[in-house]
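Encoded as structure tokens, the structure appears first; notes follow it.
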Amino acid sequence: MSVFCVHSSGFATIGLDEVLFVWKRDDLEDFTVPLNVLHRIAQIYSTSCEADQAGVRQVCSRLPAIHSVPLALPPLSKHILFFPPTLQDFSSLSVPNSPFLIALFLCDAELSWAMACPNRLLLRLGLKYSWYPTPVVNIVGREAAYTTETSQTVLKVFTDFRNWSFRMKHLLDEIISWNRSMIAWATDVNLSADSHLVCEENDGLYTTQVLARGASRKATGTSFIIIDGGLKTSGLQISVVEDGVAVRVPSDKLESLLAALNSTEISVVEDGVAVRVPSDKLESLLAALNSAEDWTTVGATGSQFTVHWIDTCPQTSSYGPVSPIDGLNLADKYQYGLSLERAISSVLQVPSVPDYGVRLSHVYNLKDGRLTPDDEPKVFS
């Protein structure tokens, strides 16, 4: 396959991820410079440097995930979804030396899905074009993976597709305060899995497929997880729902489970799973959550549900944001940036080398969460 490959260079100097555009060449005799792509990169740069976009950002979301323009100019679409690299092979492509995001050209009908659960869309395209786990090359003019019909998907329970007054969250604190009887959150791609659940749509109906890396399957990732407090019988129940998983617990135990979740840090990598456990099993689960211990229960059919604790957020890719000093993954850290004007003006001249200077572009808080309210203003002083 012959492709065009264009990427930015210099976004990292103002504390942003670089962006990578790759699309299939339809005319092998056409070597025209893709000016529309260069203009779009300039637009992304300008938008990200606006005053209201500067300031405090989590590193994993320091560049807006979706960039939209009123008019599509070929080969681009109006809406572009940016996602981080994972297990893709970039050996034959020219990619940035700094952390970068990959551009996916969205069809208009896919915009709501990209906003609600981007991994669902990415994994569906990975299955369609045989890219594991998600595609890198854009096929210009492809058909949409999903329609605008959302009345039959389970995600409508957790996402307001019409007004976007609520949506499925990634942040556990917001999830728990949002709904006390049923909670759900989207997850990241599980790099240790050898397959992933994929949701396929046909005339508004949804079925589950599996995108596998190889012939054997030992661990399957999902796009979201649901915990439902509606279990009334004993036993472990795990059900696959579209490309997710649901976990059901007794309603009288859900409050204590939510309290345990709210007071601890849990890393969930499944794409979407539901599990139901009896009250006696839940007591041991709550004890494990409170003491940060691993926990496993097995159902009558041999199904198994495990909670596994990790010390730090794992690095999702060798192309992701890491500390150049000790290799620490910075994706879940908070970054304090400067406006473009202040970044340019904050140049420290090097006395012995008058032609060069040092410019402060951003500051990382290596501790969990944000800096204290007293310390945050000092970053910009």
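Quick notes on this one:
- Count of residues meeting criterion [without any contact (Cβ under 8 Å) to a residue 12 or more places away in the chain, not in a helix (DSSP H, G or I) and not aliphatic (A, V, I, L, M)] in region 19-55: 6
- Selected residue (criterion: nearest to the chain's Cα centre (by Cα)) from residues of region 4-41 that are among the hydrophobic types (A, V, I, L, M, F, W, C) and modelled with pLDDT under 95: 16
- Among the conditions (1) buried (at least 17 other Cβ atoms within 10 Å of the Cβ); (2) farther than 28 Å from residue 162 by Cβ; (3) of a type in the set (Ser, Thr, Tyr), residue 77 misses just one, which is (2).
Rundown of residues vs (1) of a type outside the set (S, T, N, Q); (2) in contact with a Phe, Trp or Tyr (Cβ under 6 Å, 6 or more places away or on another chain); (3) under 16 Å from residue 3 (Cβ atoms); (4) assigned to a helix (DSSP H, G or I), yes/no style:
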site	(1), (2), (3), (4)
57	yes, no, no, no
67	yes, no, no, no
72	yes, no, no, no
81	yes, no, no, no
90	yes, no, yes, no
111	yes, no, no, yes
130	no, no, yes, no
136	yes, no, yes, no
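- Qualifying residue in region 98-109 (condition: polar (S, T, N, Q) and surrounded by fewer than 18 Cβ atoms within 10 Å (Cβ to Cβ)): yes
- Qualifying residue in region 255-278 (condition: charged (D, E, K, R), under 30 Å from residue 89 (Cα atoms) and at pLDDT below 55): yes
- The set of residues in region 60-74 that are crowded, with 19+ Cβ neighbours inside 10 Å and in contact (Cβ under 8 Å) with a residue 60 or more places away in the chain comprises 60, 62.
- When restricted to residues that are within 21 Å of residue 135 (Cα to Cα), touching a residue at least 40 places away in the same chain (Cβ under 8 Å) and in a strand (DSSP E or B), region 191-211 contains 8.
- Residues in region 161-203 that are modelled with pLDDT under 85 and among the small types (Gly, Ala, Ser) were compared, and the one that is surrounded by the fewest Cβ atoms within 10 Å (Cβ to Cβ) is 165.
- Residue in region 37-56 that is more than 17 Å from residue 114 (Cβ to Cβ), surrounded by 15 or more Cβ atoms within 10 Å (Cβ to Cβ) and of a type in the set (Gly, Ala, Ser) present: yes
- Scanning region 347-381 for residues that are part of a strand (DSSP E or B), under 33 Å from the mean Cα position of the chain (by Cα) and exposed (fewer than 10 other Cβ atoms within 10 Å of the Cβ) yields one hit, 358.
The values are calculated or read from the model by the stated rules, or taken from the named source; none is laboratory data. Here the structure is a predicted model, which means the values were calculated and not measured. Counting neighbours? That spans all protein chains shown, and the Cβs are built from the backbone with ideal geometry, glycine included.
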